[in-house]
Each structure stands twice: as structure tokens, then as C-alpha cells.
Amino acid sequence: QVQLVESGGGLVQAGDSLRLSCAASGRTFSSYTMAWFRQAPGKEREFVAAVSWRPGRTRYAGSVEGRFTISRDNAKNTVYLPMNNLKPEDTAVYYCAADDSSLILSSRGHYDYWGQGTQVTVSS
């Protein structure tokens, strides 16, 4: 079992930056693929980024590539999502997710564990 707790959301202006964090419980964090998804009001939850437990393997949604960077610190059981040059369309609840395979997939159904989410609001 893995429990995930997100933090770092907030209200910012377009062009600003935020860094989301996801703290995970469990001794096997280093063997999980970790991902971020987001859900805007009235929309489906969508994939943002993921990082495999295999070193150097990441994947991004096209809408965030070059602005967001996913990373993990296995010693701290934490995954991070620094977000730069935020846009109003980035406004959403951001969720952390985990899966115990090495695959980096963008499908929601692939991930077994989810956090409660943190709100990010970007004003224009």
C-alpha cells in the first residue's frame, strides 16, 4: 500500500511558477512509477507527467513539456513538479499517482494509488 499526499498548490498569476510536492508512505517508493494528473472543472482527468523508478525515464504531456519538470527524491519518498510559466489553462486540481511497474503510461487506469489533490489556480 502507498499513501500519497500532495502539497504546494495555490493561486498565482500567469507567468508565475509553483512547485508541487507529493509525499509517499511505504518502504517501496523507489520501485514505483510516479505521475501527476490534473482535472479542470467539467473536464476529464488528464495526464501531466510521470517518472519511472528506472533512472532518467520521464514522460510529459505536450501541453506542459518545456514548462514542467518531474523529479523524485527516493531518500525523501517525494516526487516534485516544478511548474514554470503557468497559464490560465493550467488551472486544475493536481493529483499524484503511483504504480508499481516500470512502465510510464498516460492512462488513468494504469495507476493504483492516488492522492487527494491540490488546487492550482492561475489568473490571467
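Bear in mind these aren't lab numbers, they're just calculated from the coordinates by the rules spelled out. Keep in mind it's a predicted model, so treat the numbers as computed, not measured.
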Notebook entry, point to check: Stokes-Einstein at 10 °C, 1.306 mPa s, Kirkwood radius from Cα pairs: D for the chain in µm² s⁻¹?
Noted result: 112 µm²/s
Next item on the list: With springs connecting C-alpha atoms under 10 Å apart, model the chain as a Gaussian network and identify which of Arg38, Arg59, Arg27 has the largest mean-square fluctuation.
Entry: Arg27
Item checked: Global form of region 38-78, assessed from the alpha-carbon gyration tensor, a/c cut-off 1.5 -> prolate
Next item on the list: Could you work out which residue, out of Val79, Val48, Val64, moves most in a Gaussian network model of the chain, that is, has the largest mean-square fluctuation with Cα springs under 10 Å?
Entry: Val64
